[in-house]
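Engineer: Here it is, the structure, as structure tokens.
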């Protein structure tokens, strides 16, 4: 008798999960296209709700650190977002960027379930050195290195520093 009940409970759970998967696949809107089409789709309208856009970032090189791969993809999207809103002739003047500009792009990242982390150092006296820089020194990457460990720094002509990193929400 116990085995019969157990089997029926398992069937009910499996049916429930299958129905949930079927419902989710009907609600999901899939978009295909190249990078530029994605940038246009992402930034051409107001930001979507948190997690509404699900990025697929398949790791093509099995020897590459997954965190590095995701960081590189997010950094490209980030730079292209800055270009989309604040660029001239395909370039962004880092000297004219503000924290508010970064926050605007961050709103779009939240729709992909990621957050842009910005550390801003107005002067070199306030700059806080961070080591290791896995993005520059990729030989230091280990299997334990995660997305949050990567960062990119931009120094502007006023000796200010922007440190950009990303985290999964």
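Engineer: Would you mind ranking 119, 149 by Cβ crowding within 10 Å, fewest neighbours first?
Structural biologist: In increasing order of surrounding Cβ atoms, one gets 119, 149.
Engineer: Using the beta-carbon distance between residue 76 and residue 158 and R0 = 25 Å, what value does 1/(1 + (r/R0)^6) give for FRET efficiency, to the nearest 0.05?
Structural biologist: 0.45
Engineer: Considering the Cα trace of segment 45-168, what is its radius of gyration and what is Dmax, both in angstroms?
Structural biologist: 15.0, 41
Engineer: Between residue 118 and residue 60, what FRET efficiency follows from the Cβ-Cβ distance if R0 is 22 Å, with the result rounded to 0.05?
Structural biologist: 0.15
No value in this document is a laboratory result; all are computed from the given coordinates. None of the values given here were measured: they were computed from a predicted structure. Positions of Cβ are backbone-derived with ideal geometry, glycine not excepted, and every protein chain shown enters the neighbour counts.
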